[in-house]
Amino acid sequence: MTPNRLKLLTPERSVAPVPTASLSERLFEMSLDMLGTASLDGFFTHLNPAWERTLGWTDRQLMAEPFINFVHPDDVAETLERSRELASASGTEVIAFVNRYRTSSSEFRWIKWDVVSDDTALYFVARDFTDAKVITMERDQDASVMQGVLESIADGLYVADSHGEITFINPAGVELLGYDSSDELIGHSPHEAFHHTHLNGLAYPIEECALANVRINREPIHADEDGFWRKDGSSMPVSYSSAPVLLHDGIGSVVAFRDITERQSRELHERRALEALSWVGRIRDALEENRLTLYAQPIVEVATGATVQHELLVRLIAPDGEVVAPGVFLPVAEEHGLIRDIDRRVFELALVHAAQGHPVSINVSGESISEPGLFRYVEDQLMSHGVDPELVIFEITETALVRNEAVAQVFIESVRRLGCGVALDDFGTGYGSFRYLKHLPVNVLKIDQEFVRDLDGEAAMVNRHVVEATVTLARGMGQKTVAEGVETESILAIVRELGVDYAQGYLFARPVPAEHALPSIRKTR
Ligand code: C2E
Ligand code: CA
Ligand code: CA
């Protein structure tokens, strides 16, 4: 081995051997790979036709100058370095490297070289891989840049080798997958470790695994939504991209993945917000087109079974006739400033029934209660419809009172003076239930379904105590009690036993359109 055998760019030229055997001659001519020989001083000496096909130069042109003259300026240093290595290598050692080579149209092609040398010449096979869909990490500087990127980015990144086993995974990838170190994953197949089952719980064989197929199909892929499984068995929604990659042992794949939990929840949030907005439009239309309507549900005297009043419950009738429950559109209306309009519309619709002599109970939202102008409006409407105020009860929840207690108090006192009733709705569910009773002149407590529904069930004892306490308190203050959500005879029996005055619930009737329900009460009066 003579270290400085190779003297590139020196002017004198040596004679290179020419393949003589006819078979090798023919193979040499036919090969699609660029085959050739070069002198130790850096000139091509023999080139097959593939060169001209690939680079556009004739072999004469290529042989006229030192071959380094065709190398991209940025790749010259490395090419010389490799050539020096070649000079000190044993005759059988193949030195591989890549560089960019100038074409006759002054473009550059990526060329991968495999070179051997002996004492007389260099022999090489060169391949143009510019158009290949594979990323190459063969070049040291690419590899070190890649390494730096892989280590530092927040996305998970791993490389699987030509057998589909992980050879590298970056710290972010290890963490996202819930492992303590990359050692736990290296040497394992991603399919077995974390990509064996769809998020819907269906497992699938590796042949159907898109990620595993990247290296087989040599096609990059991207998935916007898929799932990986963490070490602890929990799932993680991910998006990923994968591309085939040329590694020293063949084609593997590199995969970048990202936890999209946050993106998904953001999208969900956006979808909800959009949906709410679309409801705003629908509510406005319903208000404009008079598609709000009232359903009525009887309130029954426990002692006699007689219907004494109806609670009026709003419904939105969609353009296609669908009846929409208030739970769907009231929260949107509250959030987007439409609830006051709804409450006023409900009030107007309710007064039509009250004007005919039906006692009605009307729900009023917190938003409306805290509006100083509400009382004047109510008073005017009662007068103009000629309604006996005693037929009207306003149902107000504690949460509604909390908003603006002072204004609410004024409203309650004013309507009470006028002769209307005020019921505290959903009694027992808020924090301040008993506090409000001290200074608000309400005359009905509606015990929330939560305590009534389970009077004969699991929480029977606690609920009994709540109902009992409410009844005792109400009696002491001259108020009436209503049990909401009475669905069965057995609950009605307990409600009666505990001394509740009135009951409301599916046992007696579900809410039905008010115009159907209210004529019947006239007959019973
Ligand atoms: P709420 O005031 O507590 O009304 C009672 C709710 O319980 C009604 O639901 C009624 O259909 C339901 N219900 C009655 N009996 C039973 C029963 O035995 N079992 C069960 N599981 N449920 C029963 P709805 O009509 O869907 O109303 C829901 C809420 O929407 C009302 O609760 C009230 O807070 C609000 N709301 C309804 N109408 C109006 C309105 O005109 N204005 C305002 N501001 N809010 C209203
Ligand atoms: Ca109510
Ligand atoms: Ca209620």
- Query: Under a 5 Å amide H to amide H cut-off, with H placed in plane at 1.01 Å, what residues pair with Lys480 once short-range neighbours are removed?
  - Reply: Val444, Leu445
- Message: Rounded to whole Å, give me the distance from the Cα center of region 59-80 to that of region 421-498.
- Response: 95 Å
- If you place +1 on the Cβ of every Lys and Arg and -1 on the Cβ of every Asp and Glu, how big does the dipole about the Cα centre of the chain come out, in debye to the nearest 20? 1400 debye
- Where does the chain land at 222 nm, in deg cm²/dmol rounded to the nearest 500, when only DSSP H runs of n ≥ 4 count, each adding -39500 (n - 2.57), divided by all residues? -11500 deg cm²/dmol
- Task: Set Lys and Arg Cβ to +1 and Asp and Glu Cβ to -1, take the dipole of the chain about its Cα centre, and tell me which of Ala517, Leu330, Pro171 lies farthest positive.
- Result: Ala517
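All of the numbers you see were taken from the coordinates with simple rules; none came from a lab. Owing to the predicted nature of the structure, the values given are computational and were not obtained by experimental measurement. Note that we place each Cβ from the backbone using ideal geometry, even for glycine, and neighbour counts take in every protein chain shown.
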